[in-house]
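Before any comments, here is the structure.
The values are calculated or read from the model by the stated rules, or taken from the named source; none is laboratory data. Computed from a predicted structure; not experimentally measured. So basically every Cβ, Gly included, is an ideal-geometry build from the backbone, and we count neighbours across all protein chains shown.
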Amino acid sequence: MKKRTKVLACLLATGMIFSGINVYAEDQTTDQEVTTEEATTAEATAADASEEDAVVATVNGEEIRQSQLTVMTNYMLQQYQNSGYDVSNETIQNYVSEAALNMLIQLKVIELKSQELKLDEFTEEELEDLRNQAQEQWDESLEIYKALYMAQDASLEEEDAQEKAQEVMAQYGYETSDDVFEEMKNEEVFNRVEEYCVGDVSISDEEVKETYDEYVAMDEESFADNVPLYEQTIAAYGSNESFYIPEGYRHFTHIRLTGDEEKLEELQALMYPEESATAADATAADAENEAAIAELKDEILAEVQDTVDEIEEKFNDGESFDDLIDEYSVDAELSNYSGCSVHKDSIFWEQDFIDGAMAVEEIGQISDPIVCSDGVYVLYYDYDAQGGPIEYTDTVKENLRSVLLNQAQNENFSATIQEWCEECEIEIL
């Protein structure tokens with residue numbers, strides 16, 4: 001879709017730029033355990049590298065070897081798998097293998113160009129700073145691995161845990177902080193090359209406004225008469241991804257009462273049963289459950305009816321709904337509580353909730369109690385949400401400018417790298 005730009009493909013490989021070593025593992029250690037599978041993968045990578053390492057391509061006589069291609073291919077396959085692709089598919093494997101080789105060729109071109117432009121030169125102060133950062137990063141990763149090993153095996157001595165941590169880090173290509181240092185230095189060179197390529201790219205106010213108008217027109221065509229598509233888009237990408245809001249939304253704040261938790265769980269099971277074996281079974285189950293659901297909702301409401309009556313009485317006596325939220329709602333303590341917008345065609349609310357919201361006649365009034373699968377709601381009709389194009393605020397303008405600048409920089413970077421590739425003598429073996 002528009003506006004959803006991809007990061008430069010080359011940035012995926014900054015962990016291997018110029019050297020072909022594996023990607024730095026610090027992100028993998030935060031929420032994951034060190035597993036046998038990880039160690040096996042690292043060992044397999046090392047074994048591949050130790051075999052006959054054929055030259056697969058040259059750039060101005062500089063060699064790219066099979067071991068580098070294997071690491072890059074495996075890395076890119078992992079990215080595809082994380083994105084939901086079936087990497088066992090032969091077509092995808094062939095595509096990724098070809099893309100990995102092209103990536104390595106581009107990285108080699110960047111390496112050679114950085115040398116020509118002297119972008120790979122560092123002062124002693126810069127090198128010392130990088131060494132300190134590398135040592136700190138390596139030490140932190142070692143401590144994380146060590147702690148994970150000791151958490152997995154309480155009988156493991158600290159010295160043994162440290163040895164195991166060093167072994168697995170070495171298998172990933174980080175035997176010492178020098179390995180991290182080289183990677184960080186290479187990444188800094190890559191950043192300098194990128195800055196060299198895109199440093200003078202800018203976006204005018206006119207370009208930003210033209211893009212805003214274009215996005216408004218596109219989103220109006222998509223969403224004006226299609227609330228479900230609008231809500232699906234917002235759910236998938238966030239509210240900043242729409243430049244047009246369908247007319248007809250009402251904004252509500254609410255009080256939610258939970259009542260009997262066991263009955264709510266029973267209601268949830270009836271309203272959201274596991275998939276039936278056949279469509280006929282599902283239809284029969286729906287008809288059978290309808291009466292049971294209605295009866296259970298009546299029971300749940302009856303248990304909190306006194307509280308609902310109390311809320312209505314206080315509201316009619318002039319007490320603010322915000323104060324009533326603080327006093328009664330189980331959601332009052334939620335830090336992100338801000339109410340909700342509801343449309344008659346909304347798809348992410350239960351139908352009784354939508355019907356109850358639409359039944360409130362005037363702004364400033366409250367709804368009758370609405371029984372849903374997670375509790376009993378009393379809604380306050382705050383205002384009618386503004387439909388149509390979103391306001392062209394400074395925030396919207398700068399967000400758009402950032403997106404357009406990123407797109408322009410990506411295009412400029414890619415075009416420059418392509419020019420450099422065309423200047424080089426590239427041979428694929």
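Would you say VAL330 is at pLDDT below 90 and either touching a Phe, Trp or Tyr at 6+ places or on another chain (Cβ under 6 Å) or not polar (S, T, N, Q) (or both)?
Considered against the rule, which asks whether it is at pLDDT below 90 and either touching a Phe, Trp or Tyr at 6+ places or on another chain (Cβ under 6 Å) or not polar (S, T, N, Q) (or both), VAL330 comes out as yes.
The rows are residues; the columns are (1) of a type in the set (Lys, Arg); (2) surrounded by 14 or more Cβ atoms within 10 Å (Cβ to Cβ); (3) touching a Leu at 6+ places or on another chain (Cβ under 8 Å).
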{"residue": "GLU159", "(1), (2), (3)": "no, no, no"}
{"residue": "ASP179", "(1), (2), (3)": "no, yes, no"}
{"residue": "ASP200", "(1), (2), (3)": "no, no, no"}
{"residue": "VAL208", "(1), (2), (3)": "no, yes, yes"}
{"residue": "GLU220", "(1), (2), (3)": "no, yes, no"}
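Within the stretch 170-200, how many residues turn out to be within 22 Å of LYS118 (Cα to Cα), in contact (Cβ under 8 Å) with a residue 40 or more places away in the chain and either among the aromatic types (Phe, Trp, Tyr) or part of a loop (DSSP other than H, G, I, E, B) (or both)?
Residues meeting the conditions: 3.
Inside the stretch 119-155, can you point out the residues that are among the small types (Gly, Ala, Ser) and surrounded by fewer than 18 Cβ atoms within 10 Å (Cβ to Cβ)?
Residues satisfying the conditions are ALA147, ALA151, ALA154, SER155.
Scan the stretch 101-119 and tell me whether some residue there is assigned to a helix (DSSP H, G or I) and farther than 27 Å from CYS197 by Cβ.
Within the stretch 101-119 (the criterion being assigned to a helix (DSSP H, G or I) and farther than 27 Å from CYS197 by Cβ), the answer is no, since none of the residues qualifies.
Quick one: in the stretch 371-426, which of the residues that are closer than 30 Å to LYS263 by Cα and in contact with a Pro (Cβ under 9 Å, 6 or more places away or on another chain) is surrounded by the most Cβ atoms within 10 Å (Cβ to Cβ)?
VAL378
Can you pull out the strands (runs of 3 or more DSSP E) entirely within the stretch 347-429 that have at least 2 residues that are more than 30 Å from ILE105 (Cβ to Cβ) and in contact with a Gly (Cβ under 8 Å, 6 or more places away or on another chain)?
Filter on the stretch 347-429 gives 375-384.
Pairs please, first residue from the stretch 287-310 and closer than 21 Å to GLN351 by Cα and among the small types (Gly, Ala, Ser), second anywhere and modelled with pLDDT under 95 and part of a helix (DSSP H, G or I), Cβ atoms under 7 Å, 6+ apart in sequence or on different chains.
If the second residue must be modelled with pLDDT under 95 and part of a helix (DSSP H, G or I), the pairs left are ALA292/LEU270.
Provide a single number: the residues in the stretch 361-401 that are free of Cβ contacts under 8 Å to residues at least 40 places away in the same chain and not polar (S, T, N, Q).
The total comes to 10.
For the stretch 340-352, state whether one or more residues are assigned by TED's automatic domain parsing to the domain that holds LEU257, over 37 Å from the mean Cα position of the chain (by Cα) and over 24 Å from GLU295 (Cβ atoms).
The answer is no, given that none of the residues of the stretch 340-352 is assigned by TED's automatic domain parsing to the domain that holds LEU257, over 37 Å from the mean Cα position of the chain (by Cα) and over 24 Å from GLU295 (Cβ atoms).
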